[in-house]
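Here the structure is laid out as structure tokens; the discussion comes afterwards.
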Amino acid sequence: MADRRPFIAGNWKMHKTVPESVETARKLVSLVGGVSDADIMIAPTHVALAPVAEALAGSNVALGAQNLFWEREGAYTGEVSAPMLASAGCRYAIIGHSERRQYFGETDEKVNRRIRAALDGGLTPVFCVGESESEREAEKTFSVLDKQVSDGLKGFVADELSSLVLAYEPVWAIGTGKTASSAQAQEVHQFLRGLMAKKLGKDLAQSLRILYGGSVKPDNVAELMAMPDLDGALVGGASLKPEVFSEIVKFKRKQSS
Ligand code: PGA
């Protein structure tokens with residue numbers, strides 16, 4: 001297996017006030033301070049980013065945004081740009097999450113523009129793809145993912161994407177308590193790595209970190225992460241409680257015990 005450093009990311013979605021976010025971030029830092037074998041990221045709501053950045057300062061927990069707009073500035077009421085997020089302390093931005101695709105009109109073309117803007121603004125995109133339950137049942141999983149990846153990364157060359165993180169999140173497993181089995185997840189991750197190799201070259205595909213997301217919890221993370229092409233987790237519900245999320249971050253200890 002290539003030497004890919006595990007990446008454990010928490011997506012807080014639309015949860016927590018500003019003081020609650022700061023409190024959670026502080027607690028998390030105290031719980032995972034000693035972890036040196038994984039990259040850790042949390043993505044609070046936009047309004048909590050700057051104060052959470054302060055709480056994370058000097059720690060091993062990085063900050064991410066849940067979305068961004070592709071223009072740098074201008075008359076776009078309600079939107080936030082990549083340079084603004086970077087100035088608030090973000091290093092990462094989640095892009096193309098299925099909830100944005102489902103509720104906010106996110107298309108592959110918009111995802112493509114956001115990935116470009118994130119990279120131009122100095123942020124690492126965490127690019128989410130995933131099939132719905134009906135698409136899986138109709139055996140369209142691979143074709144759906146092929147389209148999402150191909151259109152999302154249209155126009156990019158490998159050199160531009162060296163920092164990219166890909167996240168496979170089957171829509172039917174998000175917030176449902178239904179996790180993909182480790183074999184199901186591995187099958188898709190292997191497919192995605194092969195697809196990236198075909199499109200952008202073997203080197204990029206080998207170093208690319210592909211996260212799994214969808215009902216990841218302390219009691220299933222070790223088994224999932226044992227799969228050769230799973231390089232980390234994007235965690236929703238179970239990232240909201242620092243005690244629970246820190247257990248996920250420390251999954252290697254479970255594997256060795
Ligand atoms: P979940 O969400 O862990 O609550 O299933 C995952 C996600 O949407 O990133």
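Throughout, read-outs are computed from the coordinates displayed, never taken from laboratory work. Since the model is a prediction, treat every value here as computed from it, not as a measurement. Backbone-built Cβ (ideal geometry, glycine too); neighbour counts: all protein chains shown.
Derived scalar couplings between HN and Hα for segment 161-173 equal 10, 5, 8, 3, 10, 9, 10, 8, 10, x, 4, 5, 9 Hz in order, rounded to whole Hz, by the Karplus curve 6.51 cos²θ - 1.76 cosθ + 1.60 (θ = phi - 60°), x for Gly and Pro. Placing +1 on the Cβ of every Lys and Arg and -1 on the Cβ of every Asp and Glu, with nothing else charged, gives the chain a dipole about its Cα centre of roughly 320 debye. Under 5 Å from the amide H of Val35 lies no amide H of any residue 5 or more positions distant or on a separate chain, with H modelled from the backbone and absent for Pro and chain starts. Cβ-to-Cβ counts within 10 Å put Thr176, Thr141 in ascending order as Thr176, Thr141, the fewest first.
Of the peptides 26-32, 160-166, the order by per-residue mean of other Cβ atoms within 10 Å, starting with the highest, comes out as 160-166, 26-32. Taking every DSSP helix (H) stretch of at least 4 residues in the chain, weighting each as -39,500 (n - 2.57) and dividing the sum by the residue count yields a mean residue ellipticity at 222 nm of -12500 deg cm²/dmol.
In order along segment 127-132, the phi-based Karplus estimate (6.51 cos²θ - 1.76 cosθ + 1.60, θ = phi - 60°) of 3J(HN,Hα) comes to 8, 9, 9, x, 9, 7 Hz; Gly and Pro are listed as x.
Using θ = phi - 60° in the Karplus curve 6.51 cos²θ - 1.76 cosθ + 1.60, the 3J(HN,Hα) couplings for segment 77-91 round to 3, x, 9, 9, 9, 4, x, 5, 5, 4, 5, 8, x, 6, 10 Hz; x is entered for Gly and Pro.
Taking H as built 1.01 Å from N, whose amide H comes closer than 5 Å to the amide H of Phe69, not counting residues under 5 places away? Correct list: Val80, Ser81, Ala82. Database remark: amide H of Ile8 closer than 5 angstrom to the amide H of Asp39, Ile40, Met41, Ala233 (H placed geometrically; neighbours at sequence offset of 5 or more, or on other chains; Pro and chain starts carry no H). Shape call for the chain from the C-alpha gyration tensor, a ≥ b ≥ c root eigenvalues: rounded (a/c under 1.5), prolate (a/b greater than b/c) or oblate? Rounded, because the longest to shortest axis ratio a/c is under 1.5.
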